[in-house]
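First the structure, in the form of structure tokens, and then the observations on it.
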Amino acid sequence: MSITVFSNSVGGYNKRQVDEYIADMNRAFVKTKRDYEKKIEILEAENARLRQELEGKPTVMLPPKGQPPIAAVSDVEATEKSRRYDEISRQVGEILMNANAEASRTVREADEKVRAALTCTMSTLRGEVGSLIAKLNELLREAEEKLAVEDEGPDKKEDGEDA
């Protein structure tokens, strides 16, 4: 997966870009999930068909107690059906594991990117706040100097002088 870089804006990253990125990641995750769900449906349908096929031809009909079996499917046919059932079960299991792994990876990557974006945004905000504090301190110092100059101005009378 590629690394996405967001442009800076006042107060951190461009919120619209971050929102679009998260929406894109979510759409990709939903599509992947749907693809895996579709594969699961197909394999479950095949599994059901094979079960029905298996049930349609009795492997062994249990007779009343003490009598030999009435009908049996050949060992080769039963073995093949068992092999196909095992293969489909394995495929369904792999699809589920892959879907869970992909979901976990997508969530983990999104978390990491959000953490990185937040860390960078906080760092940017700290810098901007520090700069604003410095500017405010400078304005306060200038205002204090101006007030001090006005207090010492020509209109102010010295103690003991008459107007």
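The values are calculated or read from the model by the stated rules, or taken from the named source; none is laboratory data. This is a predicted model, so every value here is computed, not measured. Virtual Cβ from ideal backbone geometry, glycine too; neighbours counted across all protein chains shown.
Out of curiosity, is Glu102 charged (D, E, K, R), touching a Ser or Thr at 6+ places or on another chain (Cβ under 6 Å), more than 15 Å from Glu53 (Cβ to Cβ) and modelled with pLDDT of 80 or more?
On the way: charged (D, E, K, R): yes; touching a Ser or Thr at 6+ places or on another chain (Cβ under 6 Å): yes; more than 15 Å from Glu53 (Cβ to Cβ): yes; modelled with pLDDT of 80 or more: yes.
Against the criterion (charged (D, E, K, R), touching a Ser or Thr at 6+ places or on another chain (Cβ under 6 Å), more than 15 Å from Glu53 (Cβ to Cβ) and modelled with pLDDT of 80 or more), Glu102 qualifies.
Select, from Glu20, Glu55, Glu80, Glu46, the only residue that is loosely packed, with under 13 Cβ neighbours inside 10 Å and modelled with pLDDT of 80 or more. Give the steps one after another, and end with the answer.
Details: Glu20 fails: loosely packed, with under 13 Cβ neighbours inside 10 Å; Glu55 fails: modelled with pLDDT of 80 or more; Glu46 fails: loosely packed, with under 13 Cβ neighbours inside 10 Å.
Just one listed residue meets the conditions, Glu80.
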| So which residues in region 86-131 are under 18 Å from Val30 (Cβ atoms) and surrounded by fewer than 11 Cβ atoms within 10 Å (Cβ to Cβ)? | Ala101, Ser104, Arg108, Asp111
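Residues checked against (1) closer than 21 Å to Gly11 by Cβ; (2) among the polar types (S, T, N, Q); (3) at pLDDT 90 or above:
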| position | (1), (2), (3) |
| --- | --- |
| Arg126 | yes, no, no |
| Gly130 | yes, no, no |
| Glu142 | no, no, yes |
| Asp159 | no, no, no |
| remark: Here the residues within region 17-36 that are farther than 18 Å from Asp111 by Cα and without any contact (Cβ under 8 Å) to a residue 24 or more places away in the chain are Lys31, Arg34, Asp35
| query | Could we say that Ala117 is assigned to a helix (DSSP H, G or I) and over 30 Å from Glu55 (Cα atoms) here? | reply | yes
| task | Scan region 118-136 residue by residue and report those that are hydrophobic (A, V, I, L, M, F, W, C) and under 29 Å from the mean Cα position of the chain (by Cα). | result | Leu118, Cys120, Met122, Leu125
